[in-house]
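Working notes for the structure below.
The values are calculated or read from the model by the stated rules, or taken from the named source; none is laboratory data. Note that the coordinates shown come from a computational prediction; the quantities given were computed from them, not determined experimentally. In this analysis, Cβ positions are derived from the backbone assuming ideal geometry, glycine residues included, and neighbour counts consider all displayed protein chains.
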Amino acid sequence: MTLAQDVETSLYEQDYLLWLEQVVEQLRRKDFNGLDIPNLIEEIDDLGKSEKHAVASYLMHLCEHLLELKYWDAERDRCFRGWTVEITNFRLQLQRRLKVSPSLRGYLEEIFNEEYSNGRMLFLNKSGLEPQKVPAQPWFALKNALDHQWLP
C-alpha cells in the first residue's frame, strides 16, 4: 500500500464527506492513479445494496397497507384515508426508484413473495387478527400492487 493510499484510507475513516469530495474531484480530473479504489468499490457496492433495501422496504409496507385495506374491517372506516395515502406514497417511492433504475423491477419480482410475507407479519402483529384469516401467499400480483388505480 502506498503512502497516498494510507492517507486516503485515513481520510475515508476520518472524514467521509471530505473523502467523497476528493474522489469526485479526482474522477473529474481523470486522476485514476490516486484513487482510493478499495473504498470506492465498497461505496459503489453499498449504493446498490441501499437501493435494493429501499425498494424491499417500500414493497413490504405497501403489502402491509394493502392487507389493512382488505382485511382489517374493524379499523377500515377510521383509517381508510391514511392507509390509502400511505399506499400512494409507497407506490410513488417505488415508481421513482424504478424510473431511475428499471432493472430493479426484476428484483421486485424476485422478492415479492418474501416482502408480502413480511408485510403480512407486520399486519398480523398490528391487527391482532388470526393468521388463518389472511392468505400466506399473495392473492394479488406485483403489477396490481404497483398500479395507482388498483385497491383491494
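Values as computed for the structure displayed
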{"item": "Qualifying residue in segment 77-89 (condition: assigned to a helix (DSSP H, G or I), in the same structural domain as residue 130 (by TED's automatic domain parsing), touching a Ser or Thr at 6+ places or on another chain (Cβ under 9 Å) and not small (Gly, Ala, Ser))", "result": "no"}
{"item": "Filter result (free of Cβ contacts under 8 Å to residues at least 12 places away in the same chain and crowded, with 17+ Cβ neighbours inside 10 Å) within segment 23-32", "result": "26"}
{"item": "Matching residues in segment 111-142 - criterion: being surrounded by fewer than 11 Cβ atoms within 10 Å (Cβ to Cβ) and either in contact with a strand residue (DSSP E or B) (Cβ under 7 Å, 6 or more places away or on another chain) or in a helix (DSSP H, G or I) (or both)", "result": "125, 131, 132, 133"}
{"item": "Within segment 143-152, tally of residues that are loosely packed, with under 12 Cβ neighbours inside 10 Å and of a type outside the set (Lys, Arg)", "result": "2"}
{"item": "One residue from 18, 69, 35 being in a helix (DSSP H, G or I), surrounded by 12 or more Cβ atoms within 10 Å (Cβ to Cβ) and in contact with a helix residue (DSSP H, G or I) (Cβ under 9 Å, 6 or more places away or on another chain)", "result": "69"}
{"item": "Qualifying residue in segment 90-102 (condition: in a helix (DSSP H, G or I), in contact (Cβ under 8 Å) with a residue 40 or more places away in the chain and of a type in the set (Ser, Thr, Tyr))", "result": "no"}
{"item": "Qualifying residue in segment 78-86 (condition: more than 22 Å from the chain's Cα centre (by Cα), farther than 23 Å from residue 147 by Cα and not β-branched (Val, Ile, Thr))", "result": "yes"}
{"item": "Qualifying residue in segment 95-110 (condition: in contact with a Leu (Cβ under 7 Å, 6 or more places away or on another chain), of a type in the set (Asp, Glu), at pLDDT 90 or above and surrounded by fewer than 16 Cβ atoms within 10 Å (Cβ to Cβ))", "result": "yes"}
